[in-house]
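The block underneath contains the structure these notes are about, expressed in structure tokens.
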Amino acid sequence: MYCIVKEKRIIYVNKEIYAKLWKYQPSLTSIKMVDAATKKALSGIPLLKTNAGPRDKDLWPTRLKEEYMSLIKYVENNKAADNDWFRLESSKDGTRWFGKCWHMQDFLKYEFDIEFDIPVTYPVTAPEIAIPELDGKTAKMYRGGKICLTDHFKPLWAKNVPKFGIGHAIALGLGPWLAVEIPDLISKGLVKHKDEKEEET
Amino acid sequence: MASIQELKAKIKQLEDELALEKRRNAEQVGTPAGSRGKIAKMSAEVVDSNPYSRLMALKRMGIVDNYEKIRDYSVAVVGVGGVGSVTAEMLTRCGIGKLILFDYDKVELANMNRLFFQPHQSGMSKVEAAQKTLSFINPDVIIETHNYNITTMANFDNFMETIRTGSINGDGPVDLVLSCVDNFEARMAINDACNELAQNWIESGVSENAVSGHIQLVKPGETACFGCAPPLVVAENIDEKTLKREGVCAASLPTTMGVVAGLLVQNTLKYLLGFGNVTEYLGYSALQDFFPTMVMKPNSQCSSRYCIKRQEEFQKKLAAQPKEEIQEEVKEEIKHDSNEWAIELVDETSPEESTEKSDENLATGIKYRYDRPDDTKTDDSEVVADTDESMDDLMAKLKGL
């Protein structure tokens, strides 16, 4: 596991992504390999205990509570570290999630709506996080604006079933994706800051 | 400049023309030009007008005993993309009784490097476009379509119910489910449904770089289910250093997809009509033209509860069956009285090789896509705490942060 520090945000990635980032994102503040203890201290997303998906009528509420507990802790940690970068909420039954995430670059804040379903096969398969407004702007997306997680995230998820939850998907799936894709989309002019958009209109 | 009157006349003329075209279109939808009527019984008569003559000839050739039985079978095709659409077309041309198609995608121009769909169909749902083309090719096939994502809670129950009652008469399950989807989530959803329903199915797939593929027969309890082990990949012998993935998620070729669809339907026909051998796992590496095959036993530690249940049922069934008397073939050892040249026979596989293979249970040239979850490792990471707070409290708390 490798850790990247980018504008105060800490991102965990696997070896391949790490190598790519190092090559294509020279603006990164620092890249370092972290040991397990640092990883724990920096991430602080509690692991989950209950192995249950939305079809397990009896156990799903327990799992959903754990998801919320873990997410609350993660957001609290982020806030404490002055690194608040997403918000989430769910439908009553916890199968449909939506919220926002932010990307900071050159002291500007870029905001995106995110959404995903909890698949019937959860937690064996990870949720497929989507940013619908970016659909069609990057090839690293599947239909409906689902971000491409195959390379950097799915092997990691598979290894950690059922301990990983939504918070881990956000931190280890969405986080690195935003860090790689958004600067690229901004440089291509495909993503504009909201002030810039207002000026144009 | 034309007067208002002239313009009004022009509009009237255009409206009439449009109405005529619309009528023509509507007529064509009913019975498109060149389409044939339904055929009640498959005939073996060799005449130009018989669409089944070459298929029924398989009987005369001694390949298939009862080809016309294909009309009694119902097959579900999940995913009508590069592999699924070709699979559906092949089965339609073979005269399958009933096809049930599942997909929630629309036809796009970006799909035109693959077979089956045509540019004028872009924007249509894949299942609707496929139904039109397929019923034109062979109106004898009953085609049922479902335009939804099977992995969501909202649709999964309906998906299971459709499989459970999808036989030709609707009084039983479909005869086989074919997975032609392009993602792990949907494969696992099919796997869960089929384990629960004890439904046999064949998984198919093409790699994201378009140069390898596979098919895998899953008989719940009898062969490995899709969740018994991490997904398998066929070694492509591409140097990792030269493997580039910059800027794209997936590539595709009509060739690889056509080959995989062909292998899938070939094994479907063998399975349904009972001829030849149905391969349990067949890989395809396009760069080497390498086709590894292997047998996959179920994992007694599989995380799918229903897989374990099916395994127990299968073992019971095996135990209840009268034991076949195995006639041991007595191999006569060839003895040479003299060995003038001191020739010695040596085993082809070295001991190291064979242990490695049995450890992995994988055929040469096949590997796991990723590691299994490591349960043995004790994780010292923080685990979520127990709570007395209600669900509503937690929801409000996260929202209020």
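The values are calculated or read from the model by the stated rules, or taken from the named source; none is laboratory data. Owing to the predicted nature of the structure, the values given are computational and were not obtained by experimental measurement. Cβ atoms come from the backbone with ideal geometry, glycine included; neighbour counts cover every protein chain shown. For accessibility, only protein heavy atoms count, side chains too; no ligands or nucleic acids. Shrake-Rupley method; radii C 1.70, N 1.55, O 1.52, S 1.80 Å.
Quick one: accessible surface of A:Asp93, probe radius 1.4 Å, all protein chains present, in square angstrom to the nearest 10.
80
For the stretch B:269-310, count all C-alpha to C-alpha pairs, find those more than 11 Å apart, and express that count as a whole percent of the total.
Result: 75 percent of Cα pairs exceed 11 Å.
Can you give the accessible area of A:Cys101 in Å² (nearest 10), computed on protein heavy atoms with a 1.4 Å probe?
0
For the pair B:Glu389/A:Lys100, report the inter-label distance in nm, with labels modelled 7 Å from Cα in the Cβ direction.
My value for the distance between the label points is 2.2 nm.
With the calculation restricted to Cα positions, what are the radius of gyration and Dmax of the stretch A:99-156 in angstrom?
Over the stretch A:99-156's Cα set, Rg and Dmax evaluate to 12.8, 40 Å.
From the gyration tensor of the Cα coordinates in the stretch B:122-229, what semi-axes in whole Å does the equivalent ellipsoid have, largest first, with each one equal to sqrt(5λ)?
Result for the stretch B:122-229: semi-axes of 23, 19, 14 Å.
Stretch B:Ile137-B:Thr165 to full length: gain in nm at 0.36 nm per residue minus the Cα-Cα span?
Gain on extension, B:Ile137 to B:Thr165, equals 7.5 nm.
Once you average over the residues of A:69-80, how many Cβ atoms of partner chains fall within 10 Å of each Cβ?
Average per residue, whole number: 3.
Quickly work out the B:Glu108-to-A:Arg87 label distance, labels modelled 7 Å from Cα along the C-beta direction, and quote it in nm with one decimal.
Once both label points are built, they end up 3.1 nm from each other.
So how compact is the stretch A:34-188: Cα radius of gyration and Dmax in angstrom?
For the stretch A:34-188, the Cα-based Rg and Dmax read 15.3, 49 Å.
For the stretch B:152-288, what is the Kirkwood estimate of the hydrodynamic radius, computed as the reciprocal of the mean inverse distance between distinct Cα atoms, to one decimal in Å?
16.3
Between their Cα atoms, which of A:Lys163/B:Lys397; B:Lys22/B:Lys106; A:Lys92/B:Lys126 are more than 28 Å away from each other?
Over 28 Å apart, Cα to Cα: A:Lys92/B:Lys126.
For B:Lys59, A:Lys194, give the ranking by accessible area with the largest first, probe 1.4 Å.
Of B:Lys59, A:Lys194, the descending order of accessible area is A:Lys194, B:Lys59.
At 0.36 nm per residue, and after removing the present C-alpha to C-alpha distance, how many nm does the segment from B:Glu17 to B:Thr364 gain when stretched out fully?
118.3 nm
I'd like the FRET efficiency for A:Glu111 and A:Asn51, computed as 1/(1 + (r/R0)^6) with the beta carbon distance as r and R0 of 25 Å, rounded to 0.05.
FRET efficiency, A:Glu111 to A:Asn51: 0.15.
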